[in-house]
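Student: This is the structure I want to talk about, given as structure tokens.
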Amino acid sequence: MAENFKKSYRFAYLSSLYITILLTLVLSVFLYTQSLFNPFIIIGFIVFCYLICFLIIQYRVEKFIYRRVRKIYDDIEMLEVDSIGEGPVTTDMRTLIKEVEKFAQQRKTEIETLKIREAYRKEFMGNVSHELKTPLFTVQGYILTLLDGAMDDPEILDKYLNRANKGVERLIYIVNDLDMITKLEVGDLNLNYTNFDIVELVQSVFDLYEMKAAKKNIALTFDMNYEEPILVHADKERIQQVLSNLIVNSIKYGKEDGTTEISIEDLIRNKTIVRITDNGEGIAQAHIPRLFERFYRVDKSGSRKEGGSGLGLAIVKHIIEAHHERIYVESDYRVGSEFSFTLEKVKKFPIVNVGTKTT
């Protein structure tokens, strides 16, 4: 760390000047009263007094103030603060105050960020505990009932084993989703990019959840008739998962006799945007900033009745971001919601027909 005393010169200059002026006045008055006043003596005294005062004051500033300032720097360096440790040690109080205030503001911001993360961590752990605890206790309850003697009844044995198996399947579902989102967050999940027809993929997802939508009489439809394929460049399996999660959510929180509509539009020359719109419950604006967090639920009570791991939207967000694309959400409470995401569009090359010229 470099040492910089130049900032303390101003203090020494002014202090020496004030002392010299004062002593010169006292000496002038004394010499005048003794009838010994001599301009050369006064000038010599001024130069001598100023130099002596400056050297003594500057020396004391360097030794007295610098030791204390250096200790402040050393204490801050122990906190591994690079922004202050890289600069020179200065004895200028104004500069030092600015640096310490900047350091304090940075630490305050970091502490606030850590508090927010800690709150999220506690909430996340509580959610994980709840999601895992419910199926675990369910499976344990059925098994204990069978061990207490219910297994002697073949009908009860078959029913309870099937229910216990469903609980285990739910646990596996949650663990698989956690594993996937962890891989997405750390970048360990490789994407297999291919060119495919997004219209055909949407239709296949519609066919997959047609029965689920029919239970609530929800229509799965396009906004228009897409006669030609729309080719995009992405991981087909992951995009199918994105569409599945968004459409399932639309059905899950949609109203009876409602509609889930998908539109595919050109955003810019090399981008396509896919919109999933419904006329269901909608989402209050207060929830939207946290909508893609793991296990975050808008409805803390009702949403659990619908099942799911609570990771669907978090996985959707990470898959889209892994493609270096963007996902958007717009919603009006009690009116409906629209989720949309962008994809890279496959460039179309013009077909050139080569024929023979006739005369």
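The values are calculated or read from the model by the stated rules, or taken from the named source; none is laboratory data. Just so you know, these numbers come straight off a predicted model, no measurement behind them. We place every Cβ from the backbone using ideal geometry, glycine too, and count neighbours over all the protein chains shown.
Student: Taking SER35 and the conditions (1) at pLDDT below 65; (2) outside any helix (DSSP H, G or I), which numbered condition does it fall short on, given that it satisfies the others?
Tutor: For SER35, the failing item is (1).
Student: If you check LYS271 against the conditions, is it touching a residue at least 60 places away in the same chain (Cβ under 8 Å), of a type in the set (D, E, K, R) and farther than 18 Å from ALA213 by Cβ?
Tutor: yes
Student: Among the residues that make up region 195-214, is at least one of them on the phi > 0 side of the Ramachandran plot and not acidic (Asp, Glu)?
Tutor: No.
Student: Now a separate question. Looking only at region 253-278, which residues are closer than 23 Å to ARG326 by Cα, in contact with a strand residue (DSSP E or B) (Cβ under 7 Å, 6 or more places away or on another chain) and not in a strand (DSSP E or B)?
Tutor: The answer is ASN270, and nothing else.
Student: Of the numbered conditions (1) farther than 30 Å from ALA12 by Cα; (2) out of contact with any Ser or Thr (no Cβ under 6 Å at 6 or more places or on another chain), GLY167 satisfies every one except a single condition; which is it?
Tutor: Tallying (1) farther than 30 Å from ALA12 by Cα; (2) out of contact with any Ser or Thr (no Cβ under 6 Å at 6 or more places or on another chain), GLY167 fails exactly one: (2).
Student: Taking ILE288 as the residue in question, decide whether it is under 25 Å from ASP179 (Cβ atoms), surrounded by 12 or more Cβ atoms within 10 Å (Cβ to Cβ), of a type in the set (Val, Ile, Thr) and modelled with pLDDT of 80 or more. Full working, then the answer.
Tutor: Working: under 25 Å from ASP179 (Cβ atoms): no; surrounded by 12 or more Cβ atoms within 10 Å (Cβ to Cβ): yes; of a type in the set (Val, Ile, Thr): yes; modelled with pLDDT of 80 or more: yes.
No: the conditions fail for ILE288.
Student: From PHE45, PHE54, PHE64, which residue is assigned to a helix (DSSP H, G or I), under 30 Å from GLU99 (Cα atoms) and at pLDDT 80 or above?
Tutor: On the way: PHE45 fails: under 30 Å from GLU99 (Cα atoms); PHE64 fails: at pLDDT 80 or above.
After applying the criteria, what remains is PHE54.
Student: Still on this model: Out of curiosity, is ASP153 exposed (fewer than 12 other Cβ atoms within 10 Å of the Cβ) and either free of Cβ contacts under 8 Å to residues at least 24 places away in the same chain or not hydroxyl-bearing (Ser, Thr, Tyr) (or both)?
Tutor: No, not satisfied.
Student: Here are the criteria: (1) closer than 18 Å to HIS318 by Cα; (2) of a type in the set (S, T, N, Q); (3) in a loop (DSSP other than H, G, I, E, B). Tell me which single one ASN217 does not satisfy.
Tutor: Unmet for ASN217, out of (1) closer than 18 Å to HIS318 by Cα; (2) of a type in the set (S, T, N, Q); (3) in a loop (DSSP other than H, G, I, E, B): (1).
Student: Now for a different question. What are the residue pairs meeting all of these: first residue in region 1-17, first residue among the basic types (Lys, Arg), second residue surrounded by fewer than 16 Cβ atoms within 10 Å (Cβ to Cβ) and at pLDDT 50 or above, Cβ atoms under 8 Å, and 6 or more apart or on different chains?
Tutor: Filtered contacts from region 1-17: LYS7/THR95.
Student: Of the residues TYR59, TYR73, only one is modelled with pLDDT of 70 or more, surrounded by 11 or more Cβ atoms within 10 Å (Cβ to Cβ) and in a helix (DSSP H, G or I); which?
Tutor: So the residue among TYR59, TYR73 that is modelled with pLDDT of 70 or more, surrounded by 11 or more Cβ atoms within 10 Å (Cβ to Cβ) and in a helix (DSSP H, G or I) is TYR59.
Student: In region 99-133, which residue that is closer than 23 Å to PHE295 by Cβ and surrounded by 14 or more Cβ atoms within 10 Å (Cβ to Cβ) is modelled with the highest pLDDT?
Tutor: LEU132
Student: Scanning for something more than 25 Å from the chain's Cα centre (by Cα), modelled with pLDDT of 90 or more, among the hydrophobic types (A, V, I, L, M, F, W, C) and outside any loop (DSSP other than H, G, I, E, B), does region 222-229 turn up at least one residue?
Tutor: Taking every residue of region 222-229 in turn, at least one turns out to be more than 25 Å from the chain's Cα centre (by Cα), modelled with pLDDT of 90 or more, among the hydrophobic types (A, V, I, L, M, F, W, C) and outside any loop (DSSP other than H, G, I, E, B).
Student: Also, quick follow-up: If I filter region 176-192 down to residues being hydrophobic (A, V, I, L, M, F, W, C) and not in a helix (DSSP H, G or I), which single residue comes out as modelled with the lowest pLDDT?
Tutor: Here the residue is LEU189.
Student: Can you tell me which residue in region 187-243 is nearest to THR272 (Cα to Cα), limited to those that are surrounded by fewer than 17 Cβ atoms within 10 Å (Cβ to Cβ) and small (Gly, Ala, Ser)?
Tutor: Checking each candidate, the answer is SER204.
Student: Looking at region 313-328, is at least one residue at pLDDT 90 or above and in a strand (DSSP E or B)?
Tutor: Yes, some residue in region 313-328 is at pLDDT 90 or above and in a strand (DSSP E or B).
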